[in-house]
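**Q** Below you'll find the structure I mean.
The values are calculated or read from the model by the stated rules, or taken from the named source; none is laboratory data. Keep in mind that this is a model prediction, so the values were computed, not measured. So basically every Cβ, Gly included, is an ideal-geometry build from the backbone, and we count neighbours across all protein chains shown. To get the accessible areas, we keep the full protein, side chains included, count just its heavy atoms, and leave off ligands, DNA and RNA. Shrake-Rupley method; radii C 1.70, N 1.55, O 1.52, S 1.80 Å.
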Amino acid sequence: IEFSEIKDYHFGDDIRAIDWKVTARFNRPFVKEFIEERDLRVYFAFDYSASGSFGNLVEKRRKAIEMTATLMFSAIRNNDNAGLFIFTDDVERYIPARKGKKHVLAMLSCLVSHQQRSRKTGLKKALSHIANVIKKRSIIFIVSDFYDTDFVQPLAILKNWHDVIALKVGDEREKSIPDVGLIQLEDEETGEQILVDTSDEDFRRTYSEVMKKEESRLSQIFKKHRIDTINIMTDEP
């Protein structure tokens, strides 16, 4: 809070802000006016695991970078500090929060050119690391497809100290599989492969049900811990 100016007292002003010396000098009430110094910090925790390379028309990672860039430029337009964590199953890169267009461009360049050291996702370890690093209350965007299970506890801890927003990136082909006959599916993170018959209606229905349950599970987690969620699909502008 910084002192701004002395002004005439008006009905409704806080009487605790009355400047008694100036009031006595001019024989009418004056109050001190203050302004709040904004020094907001916005961090982006970006999931760089291999599942981000999936996409029917556009890769999830590319869409996630576009969204992150939009939010970063919004932050500097608001004169806020922006910082970045890039993680897989561990935090691979950390850029402290600072202001300015050059700083944002450097972070985006880092995002585009980053070479992942691991293909796997580890939200639990990454969120625990972020909680230990960020001491001042901040806004934290977690940019991920959230294909992980054991991360609820560190997420809850992070939410207790910061404003956490989940930016979930998905693709339509993750929700349902079209009838294209025999195809080989591969897990991008583990390399595991499986041959499936997509012409089997029971298989397609079961797959869709499993994905709906997973989506519902995530939604309940976010709702329970009062975490705002932004769902972004790769085919959306």
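**Q** Among D80, D90, D145, which is the only one that is among the charged types (D, E, K, R) and within 21 Å of M233 (Cα to Cα)?
**A** Details: D80 fails: within 21 Å of M233 (Cα to Cα); D90 fails: within 21 Å of M233 (Cα to Cα).
Result: D145 is the single residue among D80, D90, D145 that is among the charged types (D, E, K, R) and within 21 Å of M233 (Cα to Cα).
Okay, residues lined up against (1) without any contact (Cβ under 8 Å) to a residue 24 or more places away in the chain; (2) more than 25 Å from D235 (Cβ to Cβ):
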site	(1), (2)
K101	no, yes
L105	yes, yes
N132	yes, yes
F141	no, no
E192	yes, yes
K213	yes, no
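**Q** Of all residues in segment 107-135, count the ones that are closer than 20 Å to D187 by Cβ, assigned to a loop (DSSP other than H, G, I, E, B) and under 16 Å from the mean Cα position of the chain (by Cα).
**A** Total satisfying the criteria: 2.
**Q** Are there any pairs with C-beta distances below 6 angstrom linking a residue in segment 166-189 that is touching a residue at least 24 places away in the same chain (Cβ under 8 Å) and of a type in the set (K, R) to a residue that is in a strand (DSSP E or B) and open to solvent by 60 Å² or more (accessible area, probe 1.4 Å), with the two at least 6 apart or on different chains, and if so which?
**A** Between residues of segment 166-189 that are touching a residue at least 24 places away in the same chain (Cβ under 8 Å) and of a type in the set (K, R) and residues that are in a strand (DSSP E or B) and open to solvent by 60 Å² or more (accessible area, probe 1.4 Å), the close pairs are K168/N231.
One line per residue, one yes/no per condition, for (1) surrounded by 11 or more Cβ atoms within 10 Å (Cβ to Cβ); (2) out of contact with any Pro (no Cβ under 9 Å at 6 or more places or on another chain):
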position	(1), (2)
D187	yes, yes
L195	no, yes
D200	yes, yes
R204	yes, no
E209	no, yes
E215	yes, yes
R226	no, yes
T234	yes, yes
P237	no, yes
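**Q** Listed residues K159, K99, K135; which is under 19 Å from L218 (Cα atoms) and either open to solvent by 10 Å² or more (accessible area, probe 1.4 Å) or at pLDDT 90 or above (or both)? Outline the logic, then answer.
**A** Values: K99 fails: under 19 Å from L218 (Cα atoms); K135 fails: under 19 Å from L218 (Cα atoms).
Being under 19 Å from L218 (Cα atoms) and either open to solvent by 10 Å² or more (accessible area, probe 1.4 Å) or at pLDDT 90 or above (or both) holds for just one of K159, K99, K135, which is K159.
**Q** Out of (1) free of Cβ contacts under 8 Å to residues at least 60 places away in the same chain; (2) of a type in the set (S, T, N, Q); (3) buried (at least 22 other Cβ atoms within 10 Å of the Cβ), the odd one out for N81 is which?
**A** Evaluating N81 over (1) free of Cβ contacts under 8 Å to residues at least 60 places away in the same chain; (2) of a type in the set (S, T, N, Q); (3) buried (at least 22 other Cβ atoms within 10 Å of the Cβ) leaves (3) as the failure.
**Q** Can you tell me how many residues within segment 187-227 are over 30 Å from A156 (Cα atoms) and not β-branched (V, I, T)? Before you say what the answer is, go through the steps one by one.
**A** From segment 187-227, those over 30 Å from A156 (Cα atoms) are 191-206; that's our starting set.
Now drop any that are not not β-branched (V, I, T), which leaves 191-193, 195, 197, 199-205.
Selection size over segment 187-227: 12.
**Q** Same structure again: Which numbered condition trips up P29, out of (1) open to solvent by 40 Å² or more (accessible area, probe 1.4 Å); (2) in contact with a strand residue (DSSP E or B) (Cβ under 7 Å, 6 or more places away or on another chain); (3) in contact (Cβ under 8 Å) with a residue 40 or more places away in the chain?
**A** Condition (3) is where P29 drops out.
**Q** Would you point out which residue out of D171, D202 is at pLDDT 90 or above, over 15 Å from the mean Cα position of the chain (by Cα) and more than 30 Å from V42 (Cα to Cα)?
**A** Testing whether each residue is at pLDDT 90 or above, over 15 Å from the mean Cα position of the chain (by Cα) and more than 30 Å from V42 (Cα to Cα) leaves just D202.
**Q** Checking D163 against (1) touching a residue at least 40 places away in the same chain (Cβ under 8 Å); (2) touching an Asp or Glu at 6+ places or on another chain (Cβ under 9 Å), which single condition isn't satisfied?
**A** Every condition holds for D163 apart from (1).
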